[in-house]
1. Among (1) of a type in the set (D, E, K, R); (2) at pLDDT 70 or above; (3) in a loop (DSSP other than H, G, I, E, B), which single condition is residue 279 missing?
2. Just a yes or no: is a residue in region 127-134 modelled with pLDDT of 70 or more, outside the structural domain of residue 260 (by TED's automatic domain parsing) and part of a loop (DSSP other than H, G, I, E, B)?
3. Name the one entry in 405, 430 that is surrounded by fewer than 16 Cβ atoms within 10 Å (Cβ to Cβ) and modelled with pLDDT under 80.
4. Cβ contacts < 8 Å: first residue assigned to a helix (DSSP H, G or I), restricted to region 490-503; second residue at pLDDT 90 or above and of a type in the set (Phe, Trp, Tyr), any location; separation 6+ or different chain. Result?
5. Within the set of pairs 6+ apart or on separate chains, which have a first residue in region 645-672 that is under 16 Å from residue 611 (Cα atoms) and free of Cβ contacts under 8 Å to residues at least 60 places away in the same chain, a second that is surrounded by fewer than 19 Cβ atoms within 10 Å (Cβ to Cβ) and of a type in the set (Lys, Arg), and C-beta atoms under 7 Å apart?
6. Criterion first (at pLDDT below 90, of a type in the set (Gly, Ala, Ser), farther than 24 Å from residue 414 by Cβ and within 32 Å of the chain's Cα centre (by Cα)) does residue 514 satisfy it?
7. Return the only residue of 411, 406 being assigned to a helix (DSSP H, G or I), over 31 Å from the mean Cα position of the chain (by Cα) and not acidic (Asp, Glu).
Amino acid sequence: MEEDGEDASSHKPPLAIILNDNFHSLATLKLQLGLIPFSEAMVESWSDNGEGQTAGPTSGASSVRSSHPSHAPDSKRPRLEPSRSVSGQGPTPSTSAESAAIRFFNVPELLSLVLRHFDYERTELIVLSSVSKRMRANVLPRLVETLSVPLTKAKDAGIYLESEPGLASHVRYLRLWDDVGRHYWNLRPLPDERIPMQYRNQVSPIQPKDMWEQLRNLLSLLHTNTNAKYGQMPMIDLSIGLSSIGHLHTHVDQNPGFFAKLVALRLVDDFRPSEQLERPHKPGTTGKQVNHSVHGLLEKNANDLEGFIQMVCKVQDEVGSTTFRFFGITASASDFGSFDRVRFLPCLSQEVLIPLAKRIRHLSIVLDQVSGLDVLAYRSLLAPEWPQIQTFDIRIDWEQQVWNETLEKTTLSFCQRHPTLTRAGVEIHERGDPYWRNSTLPQLTACSLKINDLDYDARKANLEFLLRYNNIQELTLAEDQVHEDGELMSSHEPLRKSLRFLRAGPYAVRHFLGRNTRLRHVQVMGDEEAEPDYDDSEDGYNDEGPTRWSIFPDGRSYSSITCIDYIFNMLSIDHVFDNIVSILCPTQLPNLKELSIYVWDGCCEDVRDSSHLSALLIKQLFEQLDGCAELRAVRVGCDGVDDLPSDDKLNEMVQVLPPRLEYLTWHVPFKPTTHHYRVVRTGPLGRAAEGVGTTRPTRTRAPSQKAVQAQAQVKARTKLNTAKPELEDRKSRTARLEKLPNSFRPKVEKGTGLWEDLDDQRRCTTLFDHTGDKPVLRYAWR
């Protein structure tokens, strides 16, 4: 039946307009869309010479997560309109000549469904021009909503955003990070000297001569609302080398909107003696001259930092902004190369610290090694009251005893004065009686207890501290433990009931599991051979063979665990992968969704293993994990390996994948990029196209002539393939790995604008958050 010039299809339900014979369900539609050819994100392939590209057919480097169902553009922001040639003058009635795509776009609910699916897998991967210019016009604003930009690529980001009118106004969450500073941070002296310098000596990013000018231009472009005094800027999370803070301040001083929207300031140690000190290696230069030069550099950096912080606080006070909430410092060793750097921590005046402390909710200080002057700066930093502080992390990676007492007393005083703390990540490698044993933090839900002492009384104090809390959900312990440690910790019943995340050595993990603690996420630090605890081995569980590295005290099933994160320091990667089933015991983990493995593997060679060997390791691992029916994500990290080969070569070698695997992460420490892969599955799509295993929401109809012909073709192909088993083997493959862009990993919490801390190994090694009732993709956080 036709009416007013419309064909019969216009009277079908909206979904039926596009669900033709090849789209029997919305799930199938999503599978079809998910198989659109992918390409590298434009921003991720910016050239090293700083020259950018226009938006073209690909999109920008945004970090996209699952989003709210409506996803309507903000009414206060300009809408990105498709060109007149594409969209016409406005909505037009459906006609027989109108394409299904246009009808689709005229149904907002359908468009929203597809865009949400795109968000799940990174929309910018799609070559949008091959889909529809109209689709591209709708998707681009979503792509740039969350944008991560290295400072050396500010020009490219500006060119990209200017390529579409109004596109810059849709950027809502911006991460600016100093890629040059990160490079020099990776070259710092390390407490663990086993890692060869050639593994870390990567080529420095090319810094354009006009980089700061280009950054100022980018921020001006984002300052879109010229009617308001401070404009409309995205929330900004800034990670920058300490020596660059002065340059940044100079070039953004005239853009108060930048300061008003700053969410986080993360300072990175980018110390480089050959460039920053006066004649450090010139013959005849004395140690006194070098130290004088170091002091001069530190004073300059501290003065630049004070000026920057003062401007942030002043502007945010003027506009009533409360966005600035994170302050962090990440520093390396004072013993730097052939001379003593004396100190790193900037000593800020109380005039600057007091207004800073009033607004900060998250404070993080990570040091490799401290000096006496660093301790003085630390005491000065913690002296004010921080009335809104919620999380406090202090980590010192090198064990030293010279300044521990002062550090401990300062830290204890700070914690006792701030009962608002919900997370106390204190890791200072204490010796003797824990300095915080008598402190009380009534709102504490996460803490670290770094006790390395062999004294039983000192270890027992761990338990005394935990006995005062009934809601500890995340707990980090020292890794070199014995059975008695785990027995003490796990004896507190309220802790066993509330604990969801445990980072500890294998002994502690065994005892918590043995006492029925329903852990969700377990990080196993260390690979000691867990000798049998005869007091708890009455069930006769055998600790012989590779199972001696297992965390399970018995042969029971542990259904609550959805993530296992192993850190192996002594076993080789070959041994781990050969015995992963015995070590992991997947039959005892029926709900395992994510597995992370880090192996140190010696690092004794001058060069890393080849990409070919890396692919062989993945092949071996996946063949071992083929029986893990619920596994969705795998992460592998190793110091001695190289990046994986191209997708084609990788898929030639890796033929077996766990049945429900969705993501693979390949991490090589000190490499500039961690690579992520998604799993593309084609089997269900083929069955849907052939009408097998699908259902229709409408009443059953007789098969059409096309369907009969299709079935006949399927039968003919089946007979042909039966006669050619080798060809059948190749065609029967239903899954392959496909590399995701570099921007896939970073994530932002939309409620605060804070990006994840990629240096916090307690939280950044997994794609899913496992502390809730069920695993949730972290980039889906709202």
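1. Only one criterion is unmet by residue 279, namely (2).
2. Looking for residues that are modelled with pLDDT of 70 or more, outside the structural domain of residue 260 (by TED's automatic domain parsing) and part of a loop (DSSP other than H, G, I, E, B), one finds none in region 127-134, hence no.
3. Selected residue: 405, the only one of 405, 430 that is surrounded by fewer than 16 Cβ atoms within 10 Å (Cβ to Cβ) and modelled with pLDDT under 80.
4. 496/512
5. So the pair list comes out as 653/619.
6. no
7. 406
The rows are residues; the columns are (1) in contact with a helix residue (DSSP H, G or I) (Cβ under 8 Å, 6 or more places away or on another chain); (2) modelled with pLDDT of 80 or more.
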{"site": "521", "(1), (2)": "no, yes"}
{"site": "532", "(1), (2)": "no, no"}
{"site": "540", "(1), (2)": "no, no"}
{"site": "544", "(1), (2)": "no, no"}
{"site": "557", "(1), (2)": "yes, yes"}
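The values are calculated or read from the model by the stated rules, or taken from the named source; none is laboratory data. In this text, all values refer to a predicted model and were calculated from it rather than measured experimentally. Ideal geometry is used to build each Cβ from the backbone, glycine not excepted, and the neighbour counts take in all protein chains shown.
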